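Down below is the structure, laid out as structure tokens.
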Amino acid sequence: MRRALFWLNRVLFYLLVVFVVIYSVFPFYWAVISSFKPSSGLFSPDPSFLPIPFTLEQYRNVFVGTAFGRNLLNSLIVAGGATLLSLVLGVLAAYALGRLRFPPKNAVLYIVLSMTMFPQIAVLGGFFVLLRQVGLFNTHAGLILSYMLFTLPFTVWVLVGYFRGLPREMEEAAYVDGATPLQTLLRVMLPLTGPGLVTTGLLAFIAAWNEFLFALTFTVSDAVRTVPPAIAFFGGATPFEIPWGSIMAASVVVTVPLVILVLVFQQRIVAGLTAGAVKG
Amino acid sequence: MLVQRQVRLAWLLVLPTLLVVVFVAGYPLAQVFYWSFYKADIALVDPPEFVGFENYLFLLRDPDFREALWNTVKFTVFSVSIETVLGLVIALIIHSNFRGRGLVRTAILIPWAIPTVVSAKMWQWMLNDVYGVINVIGVKLGILSQKVAFLARPELMLPAIIAVDVWKTTPFMALLLLAGLQLIPEELYEAASIDGATRWQQFWTITLPLLTPALVVALIFRTLDALRVFDVIYVMTGVNPATRTLAVYNRQNLIDFQDLGYGSAISVAILIVTFAFVILYMRSIGREALR
């Protein structure tokens with residue numbers, strides 16, 4: 001009897017596991033499958049769960065005669081720029097906050113952290129006016145700047161944690177050898193934070209790559225517009241016809257690099273995510 | 001001497017970050033407060049006119065604002081509570097020792113990695129009233145008696161959007177709670193087992209109390225996020241009043257109606273609602289800590 005109960009428990013547990021995995025993966029699987037189907041296969045009363053018949057037509061529709069390639073490049077420029085800028089600024093600030101004698105340390109940390117507290121939407125109007133004033137509306141630089149609002153505090157916060165966790169001895173040895181604090185940062189501390197930089201940069205990049213509200217509001221032309229608003233407004237030949245196949249193909253194109261990155265850097269991302277949150 | 005030099009260097013290193021913070025957060029925020037007392041269009045074509053508290057008084061009487069607030073509260077309460085329960089279940093699954101736990105963790109990272117706009121589009125397609133896979137499977141299995149237009153019927157729109165948000169953000173919740181679970185010492189469970197406590201008793205007397213700090217942090221993060229929800233709603237149902245939240249209504253006033261004054265007043269209201277929630281949580285944590 002006890003044995004039967006044990007097995008029943010096991011079976012129920014694994015059923016739950018299977019359910020969780022299918023629930024998590026199926027929507028993405030369905031998008032991938034849909035992106036490889038011709039329109040006749042998509043708009044069928046009895047859709048196939050495999051990409052049969054198979055076609056690359058949807059991907060051609062996404063790239064040929066559209067601005068989607070340009071949108072992808074814009075996303076790369078903006079997300080890459082925002083990540084680099086916040087890493088450079090973040091490393092400098094985090095080193096000062098984590099390792100140097102700096103009396104108003106906590107005050108600065110709280111100011112930076114409070115930035116993450118207030119919602120993006122609350123500065124939307126002010127930022128719109130600001131970007132128009134300084135002539136950065138509908139530019140890559142303007143969008144990168146606006147992304148500092150969420151990538152910078154995150155970067156500073158996580159990197160301060162990394163710097164604090166480094167051993168004192170190496171730093172002291174550098175000082176004994178006559179290195180200045182700045183040399184110590186660049187030659188000794190920075191190489192040690194390598195893994196932390198990769199994780200932080202990756203998370204900042206993903207956040208910037210996925211951002212929608214600012215991209216939608218601060219860009220108007222396809223020369224600057226990034227992928228998320230482009231996908232949101234992906235139109236068909238006529239307003240009445242939604243090109244689901246092409247939308248799914250575009251979705252797969254922007255998501256696959258992310259999914260690969262996430263799978264490769266899985267352990268680090270999980271550690272970085274929870275470090276950023278739990279310390280907050 | 002050396003100390004002084006270190007302090008000076010520290011200021012120098014922090015300065016660029018502080019400048020950016022002032023420029024991207026402080027200044028725009030000040031603008032929002034300033035313009036909330038004016039009647040002005042966002043392109044600032046006509047000369048702005050000082051109107052005192054008129055925008056705020058209008059906001060208090062605006063039924064659309066009230067509806068947006070109510071939609072936001074509904075969205076937040078339902079999505080965050082469902083995500084918490086589901087996230088806890090998934091965290092407990094991954095935390096228990098079994099073959100294939102790595103696979104589960106990898107699987108749940110997929111929804112997290114997908115951009116919100118993309119996940120909204122994917123689900124919009126799956127929820128399609130004629131060709132959507134959910135309708136096809138639902139009818140085939142007899143769960144649905146006929147195909148349902150999830151994103152066209154006002155009473156089903158918000159629940160459908162909440163379902164999408166739950167799918168997308170439960171992984172984040174699960175990962176935070178998993179980190180909390182991993183901090184609980186294994187010895188506690190061993191001791192409890194020796195004393196004859198069942199798994200169920202262990203969950204209520206050990207797991208849940210010790211998980212509370214992680215749970216509170218996760219709740220704060222998710223609530224703040226849910227209160228500002230924009231992407232998933234804007235992509236799936238646009239500015240439809242049945243699902244229009246504060247952020248959607250705010251952007252509609254600022255950008256679509258070009259109303260900088262009233263839009264800014266809504267922004268300030270969103271800030272107040274956000275801080276009210278933060279204070280509410282802080283007080284409940286404070287009480288928890290006193291116990």
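The values are calculated or read from the model by the stated rules, or taken from the named source; none is laboratory data. None of the values given here were measured: they were computed from a predicted structure. Note: ideal-geometry Cβ built from the backbone for every residue, glycine included; neighbour counts use all protein chains shown. The accessibility values were calculated without ligands, DNA or RNA, using every heavy atom of the protein model including side chains. Shrake-Rupley method; radii C 1.70, N 1.55, O 1.52, S 1.80 Å.
Counting only helices (runs of 4 or more DSSP H) that sit completely within region B:118-198, those holding 2 or more residues that are open to solvent by less than 10 Å² (accessible area, probe 1.4 Å) correspond to B:133-140, B:154-181.
I want to confirm something. Restricting to region B:247-280 and keeping residues that are without any contact (Cβ under 8 Å) to a residue 12 or more places away in the chain and under 16 Å from B:Ser36 (Cα atoms), which single residue is farthest from the other protein chains (Cβ to nearest Cβ)? Among them, the one singled out is B:Phe257.
Evaluate region B:69-85: report whether one residue or more is open to solvent by 30 Å² or more (accessible area, probe 1.4 Å) and within 11 Å of chain A (Cβ to nearest Cβ).
For region B:69-85, residues open to solvent by 30 Å² or more (accessible area, probe 1.4 Å) and within 11 Å of chain A (Cβ to nearest Cβ): absent.
State whether one or more residues within region A:145-158 are open to solvent by 40 Å² or more (accessible area, probe 1.4 Å) and within 23 Å of B:Ile42 (Cβ to Cβ). The answer is yes, given that some residue of region A:145-158 is open to solvent by 40 Å² or more (accessible area, probe 1.4 Å) and within 23 Å of B:Ile42 (Cβ to Cβ). Among residues of region A:175-195 that are away from every other protein chain (no Cβ under 11 Å), those with a Cβ under 6 angstrom from a residue that is open to solvent by less than 70 Å² (accessible area, probe 1.4 Å), sequence gap 6+ or separate chain, pair up as A:Val188/A:Ala174; A:Leu192/A:Leu166.
Applying the set (1) open to solvent by 40 Å² or more (accessible area, probe 1.4 Å); (2) more than 27 Å from A:Phe26 (Cβ to Cβ); (3) polar (S, T, N, Q) to A:Asn61 leaves exactly one unmet item: (2). Under the condition of being farther than 25 Å from B:Ala276 by Cβ and open to solvent by 70 Å² or more (accessible area, probe 1.4 Å), the residues counted in region B:199-231 number 6. Across region A:206-223, the number of residues qualifying as touching a Lys or Arg at 6+ places or on another chain (Cβ under 9 Å) and either in a helix (DSSP H, G or I) or of a type in the set (A, V, I, L, M, F, W, C) (or both) comes to 5.
Which of the following residues is more than 10 Å from every other protein chain (Cβ to nearest Cβ), within 30 Å of B:Ala152 (Cα to Cα) and more than 15 Å from the chain's Cα centre (by Cα): B:Ala197, B:Ala242?
Unique residue meeting the criteria: B:Ala242.
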